[in-house]
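Undergrad: I have a structure here, written as structure tokens, and I will follow up with some questions on it.
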Amino acid sequence: DAGVIQSPRHEVTEMGQEVTLRCKPISGHNSLFWYRQTMMRGLELLIYFNNNVPIDDSGMPEDRFSAKMPNASFSTLKIQPSEPRDSAVYFCASSPVTSSSYEQYFGPGTRLTVT
Amino acid sequence: GESVGLHLPTLSVQEGDNSIINCAYSNSASDYFIWYKQESGKGPQFIIDIRSNMDKRQGQRVTVLLNKTVKHLSLQIAATQPGDSAVYFCAENSGGSNYKLTFGKGTLLTVNP
């Protein structure tokens, strides 16, 4: 079991550039979550999908952020244009969501630095 | 300039001692709780979970206690080891069709050899 796969692991970009983060959830999991983690705000939920459909995007900071899940095995989080305050570690997590557990399995994260 | 960040609660213990990490939750409707461990440079990893119809659950070297009356959750780690050094997060879910976990700020556990 490869676990949740995220790419790239590190991204350094200049302000104004487009950034695309990628996630491959664990096969068979029906929910996918994108989080952002910073020292200032801790671990924040940005958006989550269930069966590839966005369910709650209330955590997306602003219109510069967008997320898609075109199929059950792939999701992207895009920031356009990027700003220095977007610098953070972005985690993707997936979950099988059963009647007895809401456990989420986290990927290793993408460390984004916007200069 | 000086940066202001989250002031994580910290707990420092000696190797071999037992550790107790506490968490207060806010939503009285929450019926599922979970503890995660996050080591430096890694994503959070599942430790143990508990539903609201239980007040105690044990795993390998870990025990979670739930007190719904005062909305308090604790994680006990027996015979703490240096490898237990990490940030520990509690999280809650209010059930139904809501699959979100709401995470606490975390507690930094440092184990001294």
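Undergrad: Enter the mean number of other protein chain beta carbons within 10 Å of the beta carbon of each residue in A:100-110, as an integer.
TA: 6
Undergrad: Within chain A, what is the longest stretch that has no GluC sites (Glu not before Pro) placed in a DSSP loop and near at most 15 other beta-carbon atoms within 10 Å? The partial results should precede the final answer.
TA: Details: sites that count: A:Glu14, A:Glu18, A:Glu62.
The longest such stretch corresponds to A:63-115.
Undergrad: Whole-Hz ³J(HN,Hα) for each residue in region A:103-111, computed from phi via Karplus 6.51 cos²θ - 1.76 cosθ + 1.60 with θ = phi - 60°, x for glycine and proline: what do you get?
TA: 4, 10, 9, 8, x, x, x, 10, 8
Undergrad: Taking Cα atoms of region B:3-113, Rg/Rh with Kirkwood Rh, to two decimals?
TA: 0.97
Undergrad: Here's another thing I want to ask about it. Counting C-alpha atoms alone, how compact is region A:13-60: give Rg to one decimal and Dmax as a whole number, in angstrom.
TA: Gyration radius and largest Cα-Cα distance of region A:13-60: 12.9, 37 Å.
Undergrad: Once the piece of chain linking A:Met15 and A:Thr113 is laid out straight, how much longer is it, given 0.36 nm per residue of separation minus the C-alpha distance between them?
TA: 34.3 nm
Undergrad: Now, a different point. Please report, largest first and rounded to whole Å, the three semi-axes of the ellipsoid equivalent to the protein assembly as shown, where each semi-axis is the square root of five times an eigenvalue of the C-alpha gyration tensor.
TA: Working through the eigenvalues yields semi-axes of 30, 22, 16 Å.
Undergrad: On to the next question. Taking chain A as a Gaussian network, Cα atoms linked when under 10 Å apart, which of A:Arg64, A:Arg36, A:Arg85 shows the biggest mean-square fluctuation?
TA: Highest fluctuation among the options: A:Arg85.
Undergrad: With the cut-off at 21 Å, tell me which of the pairs A:Lys68/B:Lys105; B:Lys42/B:Lys71; A:Lys24/A:Lys68; A:Lys78/B:Lys37 have Cα atoms farther apart than that.
TA: A:Lys68/B:Lys105; B:Lys42/B:Lys71; A:Lys78/B:Lys37
Undergrad: Say R0 is 35 Å: what FRET efficiency, to the nearest 0.05, do B:Thr102 and B:Gln14 get from their beta-carbon distance?
TA: 0.60
Undergrad: For peptide A:40-46, compute the average count of partner chain beta-carbon atoms within 10 Å of each residue's beta-carbon.
TA: Counting other chains' Cβ atoms within 10 Å and averaging over A:40-46 gives 5.
Undergrad: While we're here: Between B:Gln76 and A:Ile5, what is the FRET efficiency for a Förster distance of 30 Å, r being their Cβ-Cβ separation, to the nearest 0.05?
TA: It comes to 0.35.
Undergrad: Enter the mean number of other protein chain beta carbons within 10 Å of the beta carbon of each residue in B:40-48, as an integer.
TA: 5
Undergrad: Moving on. Based on the alpha carbon coordinates of chain A, what radius of gyration and maximum Cα-Cα distance (Dmax) apply, in Å?
TA: 13.5, 44
Every number here is computed from the coordinates shown, using simple stated rules; none is lab data. Since the structure is predicted, the reported quantities are computational estimates derived from the model, not experimental observations. Note: ideal-geometry Cβ built from the backbone for every residue, glycine included; neighbour counts use all protein chains shown.
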